[in-house]
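What follows is calculated from the coordinates using simple rules that are stated; it is not laboratory data. Keep in mind that what you see is a predicted model, and the values were worked out from it rather than measured. A quick note on method: Cβ atoms are made from the backbone with ideal geometry, for glycine too, and the neighbour counts reach across all protein chains shown.
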Amino acid sequence: MEAARAAGVREMKGKKIQIDRKEIRFEVLFLTLIGLFLFAWAVIQPVTFSPDEQMRYKVVEYLFRHNALPHGGDPEVLDKSWGISYAFYPMLSYMVSYPFMKLVRAARMAEVLFGVGTAFYTLKIGKRFFKDAYEKMFLFLVTLLPGAFVLFSYVNCDSLALFATAMLIYSWICGLEDEWSWKSCIRLAVGVSICALSYYNAYGVILASVVVFCFSILFCEKKKWNFKKLLTRGLVIVGIVAVLAGWWFVRNYVLYDGDALGLHITTEYAEKYAEEARKPSNKYTFQMNPNVNVLDMMFYQPVNHQHNWMMMVYYSFIGSFGYMTVWPPEWIGKLFMVFYLIGTLGVLPQLGSMFSLRRSRFSEKKRICGMQMEIKYTYRLARWSKEAVFHIGMALTLILPNILNIYNSYVNDYQPQGRYSMPMLIPLMYFMTMGYRKLFERFGKNSRAGKVFCYAVCIAMAAFVIYCYFFLVLPSCQKKWKVFLSGK
C-alpha cells in the first residue's frame, strides 16, 4: 500500500516537472519571438514615421555626443516649430537608449527591451490569476495589441510607462502575498521610481500603488491599523524613490526656477520660440469656451477627423501607425468593441464579490484543554479582502489614465490619441479575461468551449499584429524611406 502511494506521488511529481518544463519552454520561446518581432518592427521605421520621434531622438543624440543631460532649452534639442523639447520632461527612457547608441547606434533597442520586459511581467501576472487557455489569452491580449505593440518599436516614453505599470502590478501581487516583505517593498519602490521617470500620463498607477500598499497593511493583515509597519516600510520606500527618481525633480527645480515637473518652463519656451500659430497664447482649448463642457469635447468631431474624440481614442488604442495616418480596417475595431462589450457583461455580475471589502469568516486552530480544535470566527467588520484591495488598485489604474487623457485634451491640447490611455492596458485585459472565464464557467468547470474560444482569440491576436506589420506598417515605411532618402 505504502509502495503504491509512493509510486503515485513520484508519478505526480514527474508530471509536474514535465508541465513546468513545458511552460518554461513556452515562456522562453514566446519572449524570444516577441523580442525578434519587435526588433524587426523597429529596424524598418525611418525617424520620420512615428509621432514626435525626431524630437525625442534629438535628446538621445545629445546624450551620445556630450555624455551629459541637456538643458531643456538647449538649441541642439529644441524644436524650431514647437519651440520646446522633450528634455524638459523625464529622460530615463532616453538614458536607457544611450548605451545602445554608444555600442551599436541603435537607440530603439531600449524600447524593444521594455517590450520584452512588459511581456515578462504579464506572464507572471497571468500565472497568478488564470490557468491554461485563459492565462494564454490574457498574455496575448496584453502583449499583441498593435496599438501597444508599436510603442515598443521607436524612441518614446510610453513604452517605459507600460513596463513600469506591469512591474508595479506584479509588485502588488507579491506584496499582498507576503504581507509586504522588505523584498516586495524594494520591488515596489523601484517600480514607482521607473514610473515617475517615464511619462506623466502613467502617474495614476503610482496613486493606485499607494492605495494598495496602505490599505493592505492597515486593513488586510492580522494586526489591523498597523501604523508602525506602514510608516517604517513606507518611509523606506519613499527614501528609495527619492534616491532613484527624486534627483530628476530636484534638478528641474534648480534649473527651471522651482518648476520641478518642467511644465511651466515648457509653456514659457513655447510662447517665446514656437511658430506663431503654435504659441500657447494663440491656441484654442475647449476650456476657454464656457458653453462647451467635457462631454461636448468627447463627442466633437473635427472636419479632418474620421471620428469624434472618444472614438479616435478608442480606434487608435486598438492600433494606429505613423502620425495616426495608417489604420487597420474599421471593422476590426468594431469586432474588438463587441469583444469588450461581452467581456464587460461577463465581469459585471462579479463586481460585488471582486470589490467586497469584508472577509466575513476565517478559521484558526487553537489548543483548548490540551486538545487542538479549529475555531471559526465571524466578524461584522472583519479584515478586508486582499483580492478586493488588489481590484481597487486595478480599477484605479484602468480609470485614471483616461481621466488624465480627457483632462489634457480639454484643458491643454486637443489630442485624441489612444496611447495616452495605454497604461490601462493590463487592467482592461485582466477584467476582460475574468469576464469571459465567468461566462464560460456556466458551461462547466473545464468547459471545452472556453478553451477553444481562448485559443481562437490568441490566434486572432497573433494574426492581427502580423497583418499590421506586413500589410500596413511595412508598406508605409517603405514609402517614408523613399521620401526621407530623396531629401524631399
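Given Cα pairs under 8 Å that are at least 6 residues apart, what percent is the relative contact order of segment 91-230?
On the way: 150 pairs, mean separation 31.6, N = 140.
Reported as a whole number, the value is 23 percent.
For an R0 of 41 angstrom, estimate the FRET efficiency from the Cβ-Cβ distance between VAL238 and LYS283 and round to the nearest 0.05. For VAL238 and LYS283, the calculated efficiency is 0.65. Each peptide in 279-286, 154-161, 170-177, 234-241 gets a packing score, the mean of other Cβ atoms within 10 Å over its residues, and the list from highest to lowest is 154-161, 170-177, 234-241, 279-286.
In terms of other Cβ atoms within 10 Å, CYS185, CYS468, CYS195 run from fewest to most in the order CYS185, CYS468, CYS195. Candidates ALA148, TRP327, ILE217 compared by Cα position along the dipole of the chain: farthest toward the positive end lies ILE217, with charges placed on Cβ. Would you please calculate the Kirkwood hydrodynamic radius of the chain over all C-alpha pairs and express it in Å, rounded to one decimal? Result for the chain stands at 24.8 Å. Here is what passes the span test in the chain: the DSSP H helices with alpha carbon length of 30 Å or more along the helix axis and a Kyte-Doolittle mean of 0.5 or above are 109-129, 386-407.
About its Cα centre, the chain has a charge dipole of approximately 2400 debye under the convention of +1 per Lys or Arg Cβ and -1 per Asp or Glu Cβ, with nothing else charged.
Legend: translational diffusion of segment 148-223 by Stokes-Einstein, Rh = Kirkwood radius over C-alpha pairs, 37 °C, 0.692 mPa s; D = 255 µm²/s. Can you classify segment 194-259 as rounded, prolate or oblate using the Cα gyration tensor, where a ≥ b ≥ c are the square roots of its eigenvalues, rounded means a/c under 1.5, and otherwise it's prolate if a/b beats b/c and oblate if not? In terms of gyration-tensor shape, prolate.
Pull out a ≥ b ≥ c, the square roots of the eigenvalues of the alpha-carbon gyration tensor of segment 238-362, then state rounded if a/c is under 1.5, prolate if not and a/b is larger than b/c, and oblate in the remaining case. Please list the in-between numbers first.
Numbers: a/c = 2.18, a/b = 1.19, b/c = 1.83.
Judged from the Cα gyration tensor, segment 238-362 comes out oblate (a/c at least 1.5, b/c at or above a/b).
Note on segment 383-431 and segment 86-138: Cα centroid distance 19 Å, given to the nearest whole angstrom.
By the beta-carbon count within 10 Å of each Cβ, the least crowded to most crowded order of LEU38, LEU231, fewest first, is LEU231, LEU38.
Mean sequence separation of contacting Cα pairs (under 8 Å, at least six apart), scaled by the length of the chain, corresponds to a relative contact order of 19 percent.
Seen from ALA87, the other residues with C-beta closer than 10 Å to its C-beta sum to a net charge of 0, counting Lys and Arg as +1 and Asp and Glu as -1.
Counting neighbouring Cβ atoms within 10 Å and putting the fewest first, the residues LEU113, LEU123 line up as LEU113, LEU123.
Nearest 500 deg cm²/dmol is fine: what mean residue ellipticity at 222 nm does the chain get from its DSSP H runs of n ≥ 4 alone, each adding -39,500 (n - 2.57), divided by its residue count? Don't skip to the end; give the middle numbers.
Working: 20 runs with 297 residues, N = 488.
The helix contribution divided over the chain gives -20000 deg cm²/dmol.
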